[in-house]
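The next block holds one structure in the form of structure tokens; read it before the comments.
The values are calculated or read from the model by the stated rules, or taken from the named source; none is laboratory data. Computed from a predicted structure; not experimentally measured. Here the Cβ positions follow ideal geometry from the backbone for every residue, glycine too, while neighbour counts run over all protein chains shown. These accessible areas exclude ligands, DNA and RNA; they are computed on the full protein's heavy atoms, side chains included. Shrake-Rupley method; radii C 1.70, N 1.55, O 1.52, S 1.80 Å.
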Amino acid sequence: MTFILTVISGLLMWGVVVFPIDDYLPRASSAATDIDFIFRFMAFFGVPILVYVNGFLLYFAWRYHTRKGDDLMAVGSDIHDQPALEAAWTIIPSILMLILGVISYLVMPKYYLASAASVATIEAVGHTFYYEFRYPGLKHPVENEMHLPIGKQVTIDLTSSEDDIRNAVIHSFWAPEFRVKQDMIPGMIVPIHFTPTRIGTYRIICTEFCGLGHSEMVGKVVVESQADFDAWFKSQQQLQASAGMQGPIPIANGDAAAGGRVFATKCTGCHAVGPFSERKVGPGLGNLFHDPDHPDLVTGKPADPDDVADVIEHGASGDLGTMPNMQVNQLTDKDVANLVAYLESLHK
Ligand code: CUA
């Protein structure tokens, strides 16, 4: 029996090694090769455990079952301890788990830790029951269909809508061909980084049960050449302009006093109104518009009202952490205008 199970196990392990995953689930991002390796590693060593444990289980159940004429009150063999075997099945899986842990520890940070290499940051917001994608340079989000240029690293900031706080739920951003899967959580922004490596149209699937429309929450991502991407981007801009969609947030006539009240409820958890060095989570904002030592914003742009509004609108990631966008902070356009007016009025 041990020989039979060893043969079955060996064949399956060979199958795990040669199985062309790519033929069934194309590898379309920089994450895919690493993730497939981890999957193969787990499957390769999981196969013999599956085969031996279940094989012997079935074999012994058959081999030692009660037969006609057996004494029904008979007691089985009195066997205790098998130190060599017990040591082996404790130590070998422990070592495998350790190796798996180390590999995962090396791979996962590549896609989760802050990366300066990204050419663009796109915000992906889960709604009941669709995806919203916000591109820098596009005034309005696109829904359910994401476009990415091939070979360019992107950062995608994932979160979930809090427009209706009673129905704020966790969604998930799963792009199987990218081997990327991450929950979208209300009130939390999780940036992921990867490079699309294959032209094509792939699925984005919500894998977190989020309500009655969960099964219909499917988007797509189109990976295309830079030229095709530029053409798509341009067509989106034209479409949005011709549809008469509203422009950027109008920040003229902001009310500083109203902005102060918004600041007190939404911003003081992370920002003081003292000098830059007076940090809570983010820097003190008292001198935001008048600080010769820190003339630039976290975005690298000068501190003028439009760019400050842009940071409040889209959030920011800096060395101290991440500031959520206006949607996560539940700010209206008017709130943004008022906040800018308030910050301009400060001078510490
Ligand atoms: Cu959104 Cu499931």
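Between residue 42 and residue 18, how high is the FRET efficiency from 1/(1 + (r/R0)^6) when r is the Cβ-Cβ distance and R₀ = 25 Å? Nearest 0.05.
0.95
Summing +1 for each Lys or Arg and -1 for each Asp or Glu among the other residues whose beta-carbon sits under 14 angstrom from that of residue 338 gives -2. In this label model, residue 66 and residue 241 are separated by 8.6 nm, measuring between points 7 Å along each Cα→Cβ vector. Got a number for carbon plus sulfur as a percent of the chain's accessible area, 1.4 Å probe? With neighbouring chains kept in place, the figure for the chain is 63 percent. Around the Cα centre of the chain, unit charges on the Cβ atoms of Lys, Arg, Asp and Glu (plus for the first two, minus for the last two) sum to a dipole of about 700 debye.
Here the spin labels are modelled as points 7 Å beyond Cα on the Cα-Cβ line, and at residue 218 and residue 92 they lie 4.1 nm apart. Rg and Dmax over the alpha-carbon atoms of the chain stand at 28.0, 98 Å.
Working from Cα pairs under 8 Å separated by at least six residues, relative contact order for region 208-341 is 27 percent. Modelled spin labels at residue 170 and residue 225, positioned 7 Å past Cα toward Cβ, are 4.3 nm from each other. Only lysine pairs 8 or more places apart, or on different chains, with alpha-carbon atoms under 23 angstrom apart are counted in the chain, and they number 20.
Give me the percent relative contact order of region 53-170, please, defined on Cα pairs under 8 angstrom at least 6 residues apart.
Details: 85 pairs, mean separation 21.6, N = 118.
About 18 percent, as a whole number.
Taken per residue, the accessible surface of region 164-261 reaches 53 Å², heavy atoms only and a 1.4 Å probe. Dipole size of region 289-348 about its Cα centre, with +1 on Lys/Arg Cβ and -1 on Asp/Glu Cβ: approximately 200 debye, rounded to the nearest 20. Of the peptides 281-288, 4-11, the order by per-residue mean of other Cβ atoms within 10 Å, starting with the highest, comes out as 281-288, 4-11. The length gained by stretching the chain between residue 114 and residue 264 to full extension, at 0.36 nm per residue less their Cα-Cα distance, is 51.1 nm. Using C-alpha pairs below 8 Å separated by at least 6 residues, the relative contact order for the chain is 15 percent. Loop-located trypsin sites (Lys or Arg not before Pro) in region 109-155 (DSSP state other than H, G, I, E, B) with a sparse environment of at most 13 neighbouring Cβ atoms within 10 Å are absent.
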